[in-house]
1. Dipole of the chain (Lys/Arg Cβ +1, Asp/Glu Cβ -1, origin at the Cα centre): which of MET13, LEU87, CYS304 lies farthest to the positive side?
2. Give, rounded to the nearest 20 debye, the magnitude of the charge dipole that the chain has about its Cα centre when Lys and Arg contribute +1 at Cβ and Asp and Glu contribute -1 at Cβ.
3. What percentages make up the Cα-Cα pair-distance distribution of region 301-394 when the bins are 10 Å wide from 0?
4. Test of understanding: in a Gaussian network model of the chain with alpha carbons linked when under 10 Å, which of GLY289, GLY231, GLY171 would top the mean-square fluctuation ranking?
5. With the cut-off at 1.5 for a/c, could you classify region 49-92 from its C-alpha gyration tensor as rounded, prolate or oblate?
6. What percentage of all Cα-Cα pairs in region 1-62 are separated by more than 13 Å?
7. Return one number: the angle in degrees, 0 to 90 and rounded to the nearest 10, between the long axis of the Cα atoms of helix 104-117 and the longest principal axis of the Cα atoms of the chain.
8. State the antiparallel share, in %, of DSSP beta bridges confined to region 191-322, rounding to the nearest 5.
Amino acid sequence: MKVLIIGGGASGMIAALNASLEHEVILLERQSRMGRKLLATGNGRCNLTNMQLSEKNYHGECAEFCRYALQHFDVEKTLSFFRSLGLLTVAESNGKVYPYSDSANSVVDVLRLPLEQRENVRIVTGCEIRSLTRKKGKFIAVSDDETFVGDSAIICCGGAAGAKLGGTDLGYKLLASFGHSRTKLYPSLVQLRTDTTFVRSLKGVRADAMVKCGGISNRGEIQFTDFGVSGPVIFEISRDISENDMMLIDFLPDISKEEILELLQNRIHTMPNLKAEDLMTGLVHNRLGRTILRVCGCSLECSCAELTGKLEEIASATKHFSVRVLGSMGMEQAQVTAGGIKTDEFRADTLESRICKGLYAAGEVLDIDGDCGGYNLQWAWSSGFLAGELRGNT
């Protein structure tokens, strides 16, 4: 049997490796090389999975759809698979797994090299498919230069997020041509734009904080930018944040307001002539401390002793730093697309279309997205591997 796989990203490459064990494969990638978006994950380190994975880390209209694939090709099997390809990995204390080389290139290469060596695999890069149809039991994929024919087709085109790295709506269009429908698309794992009145001066500052916004809360690293906020804690809540939501940031989540107040009072008692700009030294980043004072209307040039009447307000601002969200940085900057092709139109145990026999889909093109921390790549590995088994054709 000949299998057309459209998309040479994470799910497409692993689908091709699995399918090629028994079938002839034609892997079609629109960019000049495979796995380009994969190279950018984890800031170039490639956080390929997470040891603490559970179903609760996934989202979608029917999030439980991911259960079968994630159990069928779980984290342990995924790591064993990559080790069989020669990839060494290391797990960090937070569960995130990275290649031992600390380079995303290693992940892409251990997938790419065996595909290039297999005689029954043809890889065509720089090949954007314009249409996919099924006639007389055969799938026909047409590009500007060539027509490809297969007995089955697996759509692994990814999602619309991050167009500069390969994000595309091609998969949605190809599946729609067979009668499939999709949910609303919106950016996930994306930076947020905020009111920059006090934020702009914090550009580059990082902090371990508790963030509350849009009825949800999460703790982790927040990073300030010239347009708003970024960092893992922001990525994880970004899919649920709306324009004009108020974000409350607790910069000292392990310390009570009363303890902060006591620390500030002690500093003033022991160093009353200390400049106000140094009042919060040792509690938070120096620039953050000065910004908190400005938020409270304090002069940085006066002495700490002159701030005695403001300490309650300063302690409160440290625990409840308020920033208005203006929106996200959009699909262009997002790492992942939330939403996608409706999963109830596919079989969870095979990933075969319920509308068209022999048609499969895997990865981000489907309405499944995960939290920040390797969960989206695990979905790509699990769904791509399952689709590559082509169970509906056996």
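The values are calculated or read from the model by the stated rules, or taken from the named source; none is laboratory data. The structure presented is a predicted model; accordingly, all values stated were derived computationally and were not measured. We place every Cβ from the backbone using ideal geometry, glycine too, and count neighbours over all the protein chains shown. For accessibility, only protein heavy atoms count, side chains too; no ligands or nucleic acids. Shrake-Rupley method; radii C 1.70, N 1.55, O 1.52, S 1.80 Å.
1. Checked the options; the winner is MET13.
2. Result for the chain is approximately 900 debye, rounded to the nearest 20.
3. 13, 29, 17, 12, 11, 9, 6, 2
4. Top of the fluctuation ranking is GLY289.
5. Prolate is the answer for region 49-92, as a/c is 1.5 or above and a/b outweighs b/c.
6. Pairs farther apart than 13 Å: 70 percent.
7. Value to nearest ten degrees: 0.
8. Antiparallel bridges: around 95 percent, rounded to the nearest 5.
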